[in-house]
Amino acid sequence: MNRSRRARTRLLAAVRRRRAGPVRARPGAGQTPGLAALLDLLARRREDVLERGTDWVFALAPDLQGKRPREETQSLVDRVITTNVAILASGDRAPLHTFIDYVTSLRAASEFRVSTLLRGFLSFKRGVAVVIAEERWPAREALGALGLVDEVYYEAIFELSDVYGEKLVGSLLARRRELEAELGEKRAELDDKITTIDAQRAALRALSSPVLRVWEGVLLLPLIGEISPERAEHAKSVLLHAIGTYQARIVLIDVTGLSVVDAHAAGVLGSMMRATGLVGAEGMLVGVRGDAARTFVEIGELFPGARTFATLGDGLRHAIRRVLHLSKTRFF
């Protein structure tokens, strides 16, 4: 027996010594003052004790208010009365142990406060006290009866606290495992969604920056929407790869679809044009609107020596003539 259990046993023994006498199986009326009157009260007014006790615990326990049906609480209080009667009348503690096992399992599953369970056991004394007051018992007899109820309560709460603590910890651990499993499933779903989004982003990037071979030796790179740093780097990489693959001589960069032409966009275009020249192709800007031209002028010379055209058609005609001229020159 550990230290806490020994201390509780000594406390129970001390409580019993302070009473008029210990509770024994079938005691005589003279041995335990108030017992006969208490058992008589429970025979006559058990329903009243049940109602008063249920009202008290249901009104004070925060786990019950608006969350559990009153009928459930009343049924549990009724079993508390039954366990008390069994001990008081015959010393039979089997109903007490059975009920403690049941109610701790029931409440641990819902993670109730231990105070709710303790109030449930105390509801019997509260109900008895109210009915005794209504009948105006003599003080000595009333104290004797309530003292007997206290003995059973002290015994019950020690056992209940130990059992409930173990079951509540088990319930919390089980809940933690469920949450961890659920979190693992959510994490897997999230990873799948991230993978899908990345694939969609890559596909969108490829679609939003396609490099088209419009003529032998002529490539077209239409830019649409906004140019983010990531997208700009991707477009440049794809363009340089296509120049090498198709042995392109002319690259038309179409800015007609750009939603914003600002300093950042101009810097990206300048970088593309310089990279195109470094790999031996000639870069041209097409689709240069008035607002874009104004921005380029305000920023300064970004495309030294590069040709610009207002429309794609103008740029394409010039590029074809340029490629044909370069081919003739190289041939002769």
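Hey, got a sec? Which GluC sites (Glu not before Pro) in the stretch 225-332 land in a DSSP loop and have at most 12 other Cβ atoms within 10 Å?
301
The per residue volume of the convex hull around the alpha-carbon atoms of the stretch 107-158 is 66 Å³. Among 144-155, 119-130, 169-180, 42-53, the peptide with the highest mean count of other Cβ atoms within 10 Å heads the list, and the full ranking is 119-130, 144-155, 42-53, 169-180.
Each Cα pair under 8 Å and six or more residues apart adds its separation to the average, and for the stretch 112-254 the resulting relative contact order is 17 percent.
When the surface is traced with a 1.4 Å probe over the full set of protein chains, residue 55 keeps roughly 80 Å² accessible. Full extension of the chain between residue 279 and residue 110 gives 53.7 nm of extra length, using 0.36 nm per residue less the Cα-Cα distance. How high is the FRET efficiency between residue 199 and residue 97 when r is their beta carbon distance and R₀ equals 35 Å, given to the nearest 0.05? After rounding, the FRET efficiency stands at 0.05. Given a Förster distance of 30 angstrom, what is the FRET efficiency for residue 192 paired with residue 230, based on the Cβ-Cβ distance and rounded to 0.05? E between residue 192 and residue 230, to the nearest 0.05, is 0.85. Placing unit charges on the Cβ atoms only, positive for Lys and Arg and negative for Asp and Glu, gives the stretch 57-102 a dipole magnitude near 100 debye about its Cα centre. Indicate the gyration tensor shape class of the stretch 25-141 (rounded, prolate or oblate), computed on the Cα atoms with a ≥ b ≥ c the square roots of the eigenvalues: a/c under 1.5 is rounded; otherwise a/b larger than b/c is prolate and the rest oblate. Verdict is oblate for the stretch 25-141. Considering every alpha-carbon pair of the stretch 48-89, the percent of pairs per 10 Å bin, from zero through the bin containing the longest distance, is 29, 51, 18, 2.
The values are calculated or read from the model by the stated rules, or taken from the named source; none is laboratory data. If you're wondering where the values come from, they're calculated on a predicted model, not measured in any experiment. When we count neighbours, we look across all protein chains shown, and the Cβ atoms used for this are built from the backbone with ideal geometry, even at glycine. Accessible surface areas use protein heavy atoms only, side chains included; no ligands, DNA or RNA. Shrake-Rupley method; radii C 1.70, N 1.55, O 1.52, S 1.80 Å.
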